[in-house]
Amino acid sequence: MERNKNIDHLVEETLDSASSIQEAKTPPFFKDKVLRKVSQTTIEKEDGVPYVNWLTPAYQIAILIILVVINAITLFSTTKEPSYVENVEDFAKTYGILEPDMDTYFYQD
């Protein structure tokens, strides 16, 4: 029972403190100044086109060159692989099924 009285007292104190809330006073155009600073630090504008600060044209060219080199390496490495027919012939030679002699399949000596 003692606990309920304590909780009721705490609830009353909380509600009383809420009634004393007052409006905060800010300088004129405070919101505009804050929003302007936030927008200037995140995105820079050059000639009306927004872009990320670190993705400059020099980095874009470097990334493009790296991608072209990787594509060229991939292209040349895939063209040097043996064809499907060569792979099948190698498989047949390995397992001895290249010869068309049907007797060897049915009669093993």
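Results, tabulated for the structure shown:
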{"item": "Where Glu81 falls short, out of the listed (1) surrounded by 10 or more Cβ atoms within 10 Å (Cβ to Cβ); (2) under 41 Å from the mean Cα position of the chain (by Cα); (3) at pLDDT below 65", "result": "(1)"}
{"item": "Tally of residues being modelled with pLDDT of 85 or more and within 21 Å of the chain's Cα centre (by Cα) across the stretch 9-60", "result": "2"}
{"item": "Of residues in the stretch 84-109 being among the aliphatic types (A, V, I, L, M) and assigned to a loop (DSSP other than H, G, I, E, B), the one modelled with the highest pLDDT", "result": "Ile97"}
{"item": "Scope the stretch 13-32; condition aromatic (Phe, Trp, Tyr) and not in a loop (DSSP other than H, G, I, E, B); matching residues", "result": "Phe30"}
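The values are calculated or read from the model by the stated rules, or taken from the named source; none is laboratory data. Since the structure is predicted, the reported quantities are computational estimates derived from the model, not experimental observations. Neighbour counts run over all protein chains shown; Cβ positions are idealised from the backbone, glycine included.
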